Structure formats: structure tokens, C-alpha cells
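Engineer: Pasting a structure below so you can have a look.
Derivation of every value follows stated rules applied to the coordinates shown; laboratory data play no part. Note that the coordinates shown come from a computational prediction; the quantities given were computed from them, not determined experimentally. Cβ atoms come from the backbone with ideal geometry, glycine included; neighbour counts cover every protein chain shown.
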Amino acid sequence: MAKQTDIQISICGSAGDGTIAVGDIFKRAMARAGYRVIAFDHYPAEIRGFGKCISRTRISTNQVYSMKSYSDVLVSLNDLHAIPHVGEVRDYGAIIYDSAPMSAVAEGAHISGHLMPGHLPYALPIRELSELATGANRSRNIVALGFIAGLYQLPQQAFHQAIAAKFETKAPAVADTALAAFDSGFKSGSSTYKFDDVQIDHSRARKNGGEVRMMTGNGAIAHGCLEAGIETFFGYPITPATGIMERLAVEMPRRGGRLVQTEDEIAAISATIGAGYAGARAATATSGPGLALMAEMLGLGVMAEVPAVVFVSQRGGPSTGMPTKTEQSDLNLAVWGGHGDARRIVLAPTNVEGCRRCAARAFEMAEKFQVPVIVLIDLYLSNRYETVFLQGEDNFLPKNWQRVDSGAPGDNYRRYELTADGLSPRCVPGEAGGIYTATGLEHDEYGHPNDSPDVHSLMSEKRHEKLRDAMKYPGINFTKRFGDKGKIDVGLLAWGSTFGEALEAVLLAREEGIRCAAMKVVMMSPLPARPILRFCNDCQQVLVPELNYTGQFANLVSGELGRPVTRVSHATGAPMDINYLLTAIRNAAKQKLRNKTTTSNPTKA
Amino acid sequence: MIPEQPVYLEDKVDEIRQSGRLAYRSTALPTWCPGCGYYSMTEGLVNALTELRIKGEDTVIVSGIGCASRFPFFMDTYGFHTLHGRALPVATGVKVANDKLTVVAVGGDGDGFAIGCGHIPHAARRNVNITYLLFDNGIYGLTKGQVSPTSATGFITPTSPFQNRDAPLNPLLMLLSYGASWVGQAYAGWPHHLTQLIRQALEHPGFSYLHVLSPCVTFDKTDRTYQNLDLAVRELDADHDSSDMAAAMRAAADTNTPTLGLYYAEKRETLGQALDLIAARAAGAQRIKRATTRHRQRKTPA
Ligand SMILES: Cc1ncc(C[n+]2csc(CCOP(=O)(O)OP(=O)(O)O)c2C)c(N)n1
Ligand code: SF4
Ligand SMILES: [Mg+2]
């Protein structure tokens, strides 16, 4: 009986080989054909030159949450770059390469000399096929794509459509050339005897039903903003968040939205807070260095109780760090960054669909709780592609706040009225009867500056307690448990993009007979301590995997819960390594037999 | 005759308010030192708003931090007392969010030309349709008298005890070269002139910058005092042409005589108009034409 399809294909080449482009066609074709797709590309850090490009795509019939730790198929468009990646191909997996590369190669520089015993090679005259089909060698990438499609009997139609869509804006001849190249590869693949054990059972693919979109995390955030009816956006470009602004720059004006590229991040957050104060749905997007610049203004947003949304995509730090590598090291800054007691809401989605939902809900929450909301992701989530199914459209709420015309003359409006839930009525400029001055100074219910001890303690309490209900806000799962139920040996507490790898590792560990589960935490501030504590109490050992050196989430959790957890920190600039996590789970399961109490990892204190 | 009981202003406020003479004034009394030049700004803005019949609820005063920036609390309009140096970007956000509002940014010389100096060129070049009232006392008033970027060389303050050796900035020349579409200078000691300039600045469609020379009577006893300024200031020549950028720059470059009046004014596309145009372009070429004519129509009467 055919199994569920779950394979990962890597295409490796040099910048200029069309590696990323062909990977793009592949994932879109597979999404069209009804598979769930998750893909993460590797680009060289430099804009020019012949750096290494890898396009990795995982396709499956079930929902998956991360990339796999290995690939089933590797395609080499440039042996020099592909040779170091031969090892990521599993046993009985396939390696496809050019039997006659562009130029004569030195001994050892051809990939065929580097295959391992379990690898099954397909040496193919890629360049020759390209030249025969199109009269040029430029279409090697598409020939290779056609070969894969033919070899694994993938639906040719879906690829033709994806190719046509890709070259839609170019001259018709470009698409024709690409189609010819594809078909020649397809023919070659169909007539090749397949002797690897990579199975793609097309009968299991999802048939129609609902709209499927391929989106990156950044694209999903832009999508969520538009669904929420974003009105103003102010931003300053920074990798990896720029994509959000570039997408919105195209889409917002079409819907009457207004977008301004500001002179720096301080201006971006200042204008966002100004627009929020004036009643618009306002957002900005940045990365760690920009968030550091925004810290003072976020404090004003908290103090003056102004709604605003800040999207933050983390990259390797500190300082300029590794702008094109991923890391989860701005959690401290997002949750605590700035001066004074300035509690804000921080949401950290774990996948692309979550980016869309958190983005849209962030506007609602900012309005409801009258506070800046940070949506925290990382480069890995910003740039990775996933299929998003839009059939179950969420109902995002339109702009709505408690407009209260006090009827009070002049500035007698109690904008900061102390209420049972800490939420006060809110007016915006232009409304009569609501005149007030928002300020960063401590103030009384009218907003008048007041630094008396009573006022400061009551108002501090108000600003913190009003966020208590944020943990009950509908429409987002702020925590969710996966895997074994009840008492377990090892529990993984994970956040952000790392959750996918954590779940993957848990599923693998369960196959080995280890009783384990994973919990995703989406709300970082205020931290939903109760469900997290319940989960921790079920676990003999709690592991907190994350992409940073100091274990920022582990520190946050153990601080709020008063309970030790084990850090599984991984700060390499790459997504979490599933095998590294699996080993940590195995060790924890073994350790449980020796030692019943949990301790934190002494080497990473 | 001396009254038996002293009369306090606080006790008279309601009476005065009823007389209608405190329109646009909030219930809070200004916290400035008696004699501070900043009182002129309340007077000036109140009179200008009254003359232009702009409602308090349609006006937003955005300020930074400093003595000057305390202003919004004393006005019965919407206000946002923000962070040191950030009045302009916050005001830009307010204006972009709601073009119908009259937005006035207010701040001191430290607020505008030290910590917030990076924002001025951008507000100017984008031609955000707001009015920026910069009250220049050549000193940090709120933090008790330190040297500022517009303090004279040689000025002695607690942080420049051996004299300030830095050269002062020339704000008017900067604003002219940044492309501000309306640049003027006023003096707190000439309140009627100030009111007229504030009024013109509010009426200008685009970014209007009004530099107001204002004595800090508490911390500056030697340099920018009423006595010194009264003697030094003069008005721009009667035949000054405010569409002549070179003439404006020549007047601004003469730092020996602080010259008051409207230096330069031009009409050009504002940020709001630019964003409307972008929206029209995004909606399709057909609508670009209509949007452009709409802007042209809107421009003429202003
Ligand atoms: C980030 C920050 N740095 C420093 C201060 C302290 N501070 C408050 S007002 C001020 C200077 C005020 O001078 P100016 O802007 O000229 O206003 P004035 O008081 O003279 O009207 C300073 C340094 C602050 N509030 N915030
Ligand atoms: S300290 Fe100076 S600037 Fe501040 S209120 Fe007093 S006189 Fe005015
Ligand atoms: Mg000053």
C-alpha cells in the first residue's frame, strides 16, 4: 500500500543558475497539485558573485511544521557548491547531476566522486538537453526540473501552469523556451528507470477545495495586515523585515491605505504611534537593531495607552551581526526592552498561517487593550514558503473602540478612567467632547500630569492588569500541546519558528518509544503561565529549544514559573537541527531514569 | 486702594472663563516662570485659531519634551506630549492618519535642533501639511539652563562653565535649504506680529516653520534677554519678496541682526496630496487624471 507522501528536494547551484527560480516553480506546481509545501531557500550573503544558492522544498500529504533534517533528492546545478551537501541525502535517496558539466573539471571536483554507498545517482546530460531543446545552455535548471517531474510522475499540467505563471510578465518566447526545456527533461525522466525508493503517490494529494496560496511569513503578515484593514504603515528598510513593507507598498494604496518610508526607525515608530493616537490602524516593521531604536517610543505607547502594531523579524545579533541568518535573540528586547515598567503584548507565531492570523489579530488586540503589540518572528519564518489554505477565512474584526462622547465641556474628559478591567473609554481627535492631552508623564484619569504616589501606583496597576484579559483573547491559540497526553517523560516547550522542528523531533522520538510531547507558546507577553505550568507539571523533564545562546525564552519561563527548565540553545544562524534536538530528547529520557529532578544545563548558565 | 485679601488668579479663572476670554485655554494654568517668552505662544495660537475659526476638537498640538513642549496641557485642543525630539514624526503620523486635522508641532531649540534634528529635513522635504512652532531660547530650560545648539559661542552655562566653544546653528538657513515650503521668524516680545505669522503659517498648505525667539528669563540673564532682543531685532525689508529663495537666504545668513517676518513661501505638493496621488495611481491610470485635477482645484484657493 502506498504511504503518505513526505519528501524533501534540494536544488543546489550558483547564483545565476536559476536555482531559486526553479525551486519556486517546483513549490508552486506542487501546491497546485494539492500538496502541502514548506520551503526555505539559502542565498549567498553578497548580492553579486557566484555564491551558493539552495532551494529546499518539502512536500507532503499531511500538515508538516518544519523542514526535514535530511533530503530525499538533491539536484546539482553546480557541483562545487553541491558536493558539501551530498551528506544531507538519505540512504536510497537520489542525486541528480550533469554527466557532462560546462567545462573540464579537476579531479575530485565532479560530484560523482563524492556519492556515498547508499546514494542512487542519476547522471543526466543536462546541458546537452537544454541546448537541444532551446538552442542554449541557459535552461539547465528547467531541464532538471522536468527530469524530476518525469522521474516521479508528477502532474505535467501543474508544472506547465506554474511555468506559464512564472513568466507571465515576460515576452511569450521566454515561457515557450522554458516549456520546451521542461518537456525535454520530462521526457528524459519518464523514460528513465527509477531505482531509488523515493515515493510520491499522487493519488493521496489533496483534491480541490478552498483556495491554496503559497506565502512566506512576510507575505502572510502583509496579507493579515490587509485583511485587518491596515490604514497607515511607516517603515525603514532592514533585512529580513523589508519584504513586509515592499508588499504593503504595492497593496495598501489600492485600498486607500497610506505608506511612508521614514528617515529611521525612531521616526517610523513615532509616526505609527501618532497615527494610532489619531485613530488609524497603524503598523511598522523592523528587525532587532530597529527595535532597539524604537524602545523609548514603545514606552510612550504603553504610558499614553496608544494602539500600534510592530512586526519584528529577528536575525543574527548583536549589532549588525548576521543579517541574512536566522536567530531568536530579540525576545528579551521585545518583552522587556525599554525603560520603566512597560508591559506590552508580544505574539510569536510558529508558522506562516500563524503569521497571517497574528498580524490581523494584533490590530484588534492593540485597539482593545490600548497598547503596542509586537509580532515577533525570525528570518527563517519571514522567508520560508508554506501553503496556506484560505477556505476557512477567519473573521477579523473591523476597527472598533469604545467611542465615548463624555458631553463634558472642554478638557474634562476622563480618558484614563479607572475601570474594573483597566480599559478606559477612548476618543480620537476630531471628536467633540473627548478633548485630552496624551502624555508620557505619569497622569491622572484626565491625563493631567500627576506624580503623586497614589496615582503612580494605581496607574501602574491599571496598565498591567488591563492586559490580563489579553490571554483570553479569542481567535488565536496562545498555547497548544501536541504529542502524548497525560504524564510524559520529556516535554518540549517551544516558540516561534523553532516549534516546527521541536514537533518534528517529538514525533520521531515517539516512534522510538519515548513518551513525549511538545507545547507551542505563541504569547510571550503577558506569558500564559497557567497552561505552561500545567504542561511542565506533566513532564519529568522540560526542554526549551531555541535559536540563541543564552536561552532567552527559558529564562522568561523559569523566571515567571519559578521552575527550572533545561536549555537546548542552538545559535548557529541556521534553523534548529532536528537531530540535535532528538539527541537532547533521548538524553533527557535516559537521564530521567537516573535522576528524578530536573536541572538546568550547567554548561549554559 | 489695597484689598484686604490678596486676589489670586486661580480664584478668578472661572469668572474670566465665563467672559469668553479664555477660549482654547484648558483648565490647567501654565507652569512657565513669570515673564517667560512662552506665554506669547498661547496668546498667539489662541488668537490665530480664533481668527481662522478652527475648532479645538479638530486641532492637535504635538510637542516634544522641554518647557516649550508643555504647551499642549494649557490648551483646550487635542494634544500629544511625546518624547524629547520626536514631535515632528509623531505629528506626521497624526496628519497622515487624518488629513482633516489641523496639526501643530511645538518644541524648544534642544528638542528640535539637538536630539530631534534628524527629523526636520524629512518633514520639510516631504512637505507634511503641519505647522512647526520652534521656540528658541538658546538654552535647555527644563533641565535648568544647559547650553544648546543655538547658544552663542562664549555662553556660560552649568555644562559650559569655561564658555561654550561650539558655533551656533543657523536654523533659518537650514530650513530654507531643507526645502521647507514656508519659513518665518518671530519674537516673543512682539506678540501681535507673532499672532499674524502663526495665522499665516496655519493657512499655508504645506510644511510651515516658524522660528520664535523667546527669552528664558530664569536661566539666561545675559544673552537672549528681552532688553537685548528688543534692541537687536528688526523687520524684513518692506520690499522683501517671499518667493525669492536667494533673498531669503541672504537675510537668514545675516546673523548679526535677527530679522523678523516671512522669509520664504512656495506652494507645492504636500505629503497628503502625494499619498492621494499614489492611491489614485495604484487604483489605475484612469483615475490618475482625475486625482491630479482635484489637487489642482484644491490648490488654487489656498
Ligand atoms: C531622551 C531624553 N534625553 C534627555 C531628556 C532631558 N531633557 C528634557 S528637556 C531637555 C532639553 C530642553 O531644552 P529645549 O528643547 O530647548 O526646551 P526648553 O526647555 O528650552 O523649552 C532635556 C535635555 C529627556 N527628557 N529625554
Ligand atoms: S525655565 Fe526658562 S524657558 Fe522654562 S519656563 Fe522658565 S523662563 Fe521659560
Ligand atoms: Mg530651549
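Engineer: Considering the dipole of segment A:402-476 built from charges on the beta carbon (Lys and Arg +1, Asp and Glu -1) around the Cα centre, which of A:Leu418, A:Gly440, A:His464 is farthest to its positive end?
Structural biologist: Sorting the options by dipole projection puts first A:His464.
Engineer: Follow-up. What number do you get for segment A:334-373 when its Cα radius of gyration is normalised by 2.2 N^0.38 Å, N = residues? Spell out each step's value before the answer.
Structural biologist: On the way: Rg = 11.3 Å, N = 40, 2.2 N^0.38 = 8.9 Å.
Against the compact-globule rule of thumb, the ratio is 1.27.
Engineer: Same structure again: What does the extension gain come out to for B:Lys144 and B:His193, with contour length at 0.36 nm per residue minus their alpha carbon separation? All intermediate terms of the calculation are to be shown ahead of the outcome.
Structural biologist: Values: separation 49, 0.36 × 49 = 17.64 nm, distance 2.90 nm.
Extra length available between B:Lys144 and B:His193 comes to 14.7 nm.
Engineer: Suppose we flag trypsin sites (Lys or Arg not before Pro) only when DSSP calls them loop and at most 13 other Cβ atoms lie within 10 Å. Which is the longest uninterrupted stretch of chain B? Walk me through the intermediate numbers first.
Structural biologist: Values: sites that count: B:Arg21, B:Arg53, B:Lys55, B:Lys100, B:Lys144, B:Arg165, B:Lys221, B:Arg268.
For trypsin sites (Lys or Arg not before Pro) (loop position, at most 13 other Cβ atoms within 10 Å), the longest site-free span of chain B is B:166-220.
Engineer: Could you give the radius of gyration (one decimal) and Dmax (whole number) of the Cα atoms in segment A:66-159, in Å?
Structural biologist: Both quantities, over Cα of segment A:66-159: 13.7, 41 Å.
Engineer: Can you bin chain B into rounded, prolate or oblate? Criterion: square roots of the alpha carbon gyration tensor eigenvalues sorted a ≥ b ≥ c, rounded for a/c under 1.5, prolate for a/b above b/c, oblate for the rest.
Structural biologist: On the way: a/c = 1.82, a/b = 1.29, b/c = 1.41.
Verdict is oblate for chain B.
Engineer: Additional query: Can you compute 3J(HN,Hα) from phi for each residue in segment B:206-214, using the Karplus curve 6.51 cos²θ - 1.76 cosθ + 1.60 with θ = phi - 60°, rounded to whole Hz and x for Gly and Pro?
Structural biologist: Those phi angles translate into x, 7, 10, 10, 10, 8, 10, 6, 9 Hz.
Engineer: Sticking with this one: Output the 0 to 90 degree angle, nearest 10, between the alpha-carbon long axis of helix A:242-254 and the longest principal axis computed from the alpha carbons of chain A.
Structural biologist: 70 degrees
Engineer: Note down the nm distance, to one decimal, between modelled labels 7 Å out along Cα→Cβ at B:Ala23 and at A:Leu418.
Structural biologist: 3.8 nm
Engineer: What distance in nm lies between label points placed 7 Å from Cα along the C-beta direction at A:Asp176 and A:Ala45?
Structural biologist: Using points 7 Å along Cα→Cβ, the separation is 4.5 nm.
Engineer: Can you tell me, using C-alpha contacts under 8 Å and at least 6 residues apart, the relative contact order of chain A as a whole percent? Walk me through the numbers before you get to the answer.
Structural biologist: Values: 1345 pairs, mean separation 66.9, N = 605.
Taking the mean separation of contacting Cα pairs over the length of chain A, I get 11 percent.
Engineer: Under 16 Å Cα to Cα from A:Lys368, which aspartates and glutamates show up? Leave out anything in the same chain fewer than 8 places away.
Structural biologist: Within the straight-line limit of under 16 Å, A:Lys368 reaches these aspartates and glutamates: A:Glu305, A:Glu417, A:Asp421, A:Glu465, A:Asp469.
Engineer: In segment B:142-176, which residues have a backbone nitrogen under 19 Å from the label point lying 7 Å from B:Arg250's Cα in the Cα-to-Cβ direction?
Structural biologist: B:172-174, B:176
Engineer: Suppose every K and R has +1 on its Cβ and every D and E has -1 on its Cβ; what is the size of the dipole of chain B about the Cα centre, in Debye to the nearest 20?
Structural biologist: Details: 29 positive and 28 negative charges, 307 e Å.
About 1480 debye.
Engineer: Between A:Tyr122 and residues 5 or more places away or on another chain, which pairs have amide H atoms under 5 Å apart, with H built 1.01 Å from N, and which residues are they?
Structural biologist: Answer set, sorted by chain and number: A:Ile95, A:Ile96, A:Tyr97.
Engineer: Running Debye on segment B:1-153 with equal point scatterers at the Cα sites and no solvent, what base-10 log of I(q)/I(0) appears at q = 0.10, 0.19 Å⁻¹?
Structural biologist: Those come out to -0.39, -1.17, one per q.
Engineer: Okay, next question. Which of rounded, prolate or oblate describes segment A:227-345 when judged by the alpha-carbon gyration tensor and an a/c cut-off of 1.5?
Structural biologist: Details: a/c = 2.08, a/b = 1.16, b/c = 1.80.
Oblate shape, in that a/c is at least 1.5 and b/c is the bigger or equal ratio.
Engineer: To the nearest 0.05, how large is the calculated FRET efficiency for A:Ala432 and B:Val13 if R₀ is 22 Å and r is the Cβ-Cβ distance?
Structural biologist: Details: r = 22 Å, r/R0 = 1.02.
Step by step, r from the Cβ atoms, then E = 0.50.
Engineer: A further question follows. Please compare each pair in B:Lys55/B:Lys144; A:Lys399/A:Lys485; B:Lys12/B:Lys144; A:Lys325/A:Lys485; A:Lys472/B:Lys100; A:Lys68/A:Lys590 to a cut-off of 28 Å on the Cα-Cα distance and tell me which ones are over it.
Structural biologist: Values: B:Lys55/B:Lys144 35 Å; A:Lys399/A:Lys485 40 Å; B:Lys12/B:Lys144 31 Å; A:Lys325/A:Lys485 35 Å; A:Lys472/B:Lys100 37 Å; A:Lys68/A:Lys590 25 Å.
Table pairs above 28 Å Cα-Cα are B:Lys55/B:Lys144; A:Lys399/A:Lys485; B:Lys12/B:Lys144; A:Lys325/A:Lys485; A:Lys472/B:Lys100.
Engineer: Further question on the same structure: To the nearest 20 Debye, how big is the dipole of the protein assembly as shown about its Cα centre, given +1 on the beta carbon of each Lys and Arg and -1 on that of each Asp and Glu?
Structural biologist: On the way: 92 positive and 90 negative charges, 555 e Å.
Dipole about the Cα centre, nearest 20: 2660 debye.
Engineer: Which far-off residues, 5 or more places away or on another chain, put their amide H under 5 Å from the one on A:Gly440, with H placed in the peptide plane?
Structural biologist: B:His81
Engineer: For chain B, take the longest principal axis of its alpha carbons; what is the angle in degrees between that and the long axis of helix B:39-52, to the nearest 10 within 0 to 90?
Structural biologist: Once rounded, the angle reads 40 degrees.
Engineer: Another question, then. In 5 Å bins starting at 0, how do the alpha-carbon pair distances of segment B:184-223 split up by percent?
Structural biologist: Bins of 5 Å from zero give 6, 23, 25, 18, 13, 8, 5, 2 percent of pairs.
Engineer: Go ahead and collect, in residue order, the members of segment A:478-514 whose backbone nitrogen is under 11 Å from a label point 7 Å along the Cα-Cβ direction of A:Arg586.
Structural biologist: Zone members listed by number: A:509, A:512.
Engineer: Divide, for segment A:1-129, the radius of gyration over alpha carbons by 2.2 N^0.38 Å, where N is the residue count.
Structural biologist: On the way: Rg = 14.9 Å, N = 129, 2.2 N^0.38 = 13.9 Å.
This ratio for segment A:1-129 stands at 1.07.
Engineer: Does segment A:479-600 come out rounded, prolate or oblate by the C-alpha gyration tensor, with a ≥ b ≥ c the root eigenvalues, rounded set by a/c under 1.5 and, if not, prolate when a/b is larger than b/c and oblate if not? Could the numbers behind the result be given before it?
Structural biologist: Working: a/c = 1.34, a/b = 1.09, b/c = 1.22.
Because its axes are fairly even, with a/c under 1.5, segment A:479-600 counts as rounded.
Engineer: Mean projection of the alpha-carbon convex hull of the protein assembly as shown over all orientations, in nm²? Don't jump to the answer; show the numbers that get you there.
Structural biologist: Values: hull surface 187.5 nm².
That works out to 46.9 nm², a quarter of the Cα hull's surface.
Engineer: 7 Å from Cα along Cα→Cβ at both A:Gln157 and A:Tyr473: what's the point-to-point distance in nm?
Structural biologist: 4.4 nm
Engineer: Same structure, new question: Starting from the Cα-Cα distance between A:Glu442 and A:Thr320, subtract it from 0.36 nm times their residue separation and give me the gain in nm to one decimal.
Structural biologist: Numbers: separation 122, 0.36 × 122 = 43.92 nm, distance 3.52 nm.
Result for the pair: 40.4 nm of gain on full extension.
Engineer: Something else about it: If N is the number of residues in segment A:103-201, what value comes out of its Cα radius of gyration divided by 2.2 N^0.38 Å?
Structural biologist: Numbers: Rg = 15.0 Å, N = 99, 2.2 N^0.38 = 12.6 Å.
Segment A:103-201 yields a ratio of 1.19.
Engineer: If R0 is 51 Å, what FRET efficiency do you get for A:Ala100 and A:Asn450 from their C-beta distance, rounded to 0.05? Kindly include the intermediate steps, with their values, before the conclusion.
Structural biologist: Numbers: r = 81 Å, r/R0 = 1.59.
Once the sixth-power term is evaluated, E becomes 0.05.
Engineer: Follow-up. Between exposed GluC sites (Glu not before Pro) in chain A, where DSSP calls loop and at most 10 other Cβ atoms lie within 10 Å, what's the longest gap?
Structural biologist: Details: sites that count: A:Glu46, A:Glu107, A:Glu168, A:Glu211, A:Glu393.
No qualifying site falls inside A:394-605, the longest such stretch.
Engineer: Between beta-carbons, use under 12 Å as the cut-off and find the net charge around A:Arg468, counting Lys and Arg +1, Asp and Glu -1.
Structural biologist: Details: positive: A:Arg343, A:Lys462, A:Arg463, A:Lys466, A:Lys472, A:Arg530; negative: A:Asp421, A:Glu461, A:Glu465, A:Asp469.
Net charge around A:Arg468: +2.
Engineer: With charges set only on the Cβ (+1 for Lys and Arg, -1 for Asp and Glu), what does the dipole of segment A:402-476 come to about its Cα centre, in debye to the nearest 20? Walk me through the intermediate numbers first.
Structural biologist: Numbers: 9 positive and 13 negative charges, 73 e Å.
So the dipole magnitude of segment A:402-476 works out to roughly 360 debye.
Engineer: Between the helical axis of A:217-227 and the dominant principal axis of chain A, each derived from Cα atoms, what acute angle in degrees is found, rounded to the nearest 10?
Structural biologist: Approximately 50 degrees, to the nearest 10.
Engineer: Next up: Can you give the calculated 222 nm mean residue ellipticity of the protein assembly as shown, where each DSSP H run of n ≥ 4 adds -39,500 (n - 2.57) and the sum is split over every residue, rounded to the nearest 500 deg cm²/dmol? Before the final figure, lay out the partial values.
Structural biologist: Values: 28 runs with 323 residues, N = 907.
After summing the helix terms and dividing by residue count, I get -11000 deg cm²/dmol.
Engineer: Now a separate question. From Cα pairs below 8 angstrom and at least 6 apart in sequence, can you work out the relative contact order of chain B, rounded to a whole percent? Walk me through the numbers before you get to the answer.
Structural biologist: Working: 574 pairs, mean separation 48.1, N = 302.
Once normalised by length, the contact order is 16 percent.
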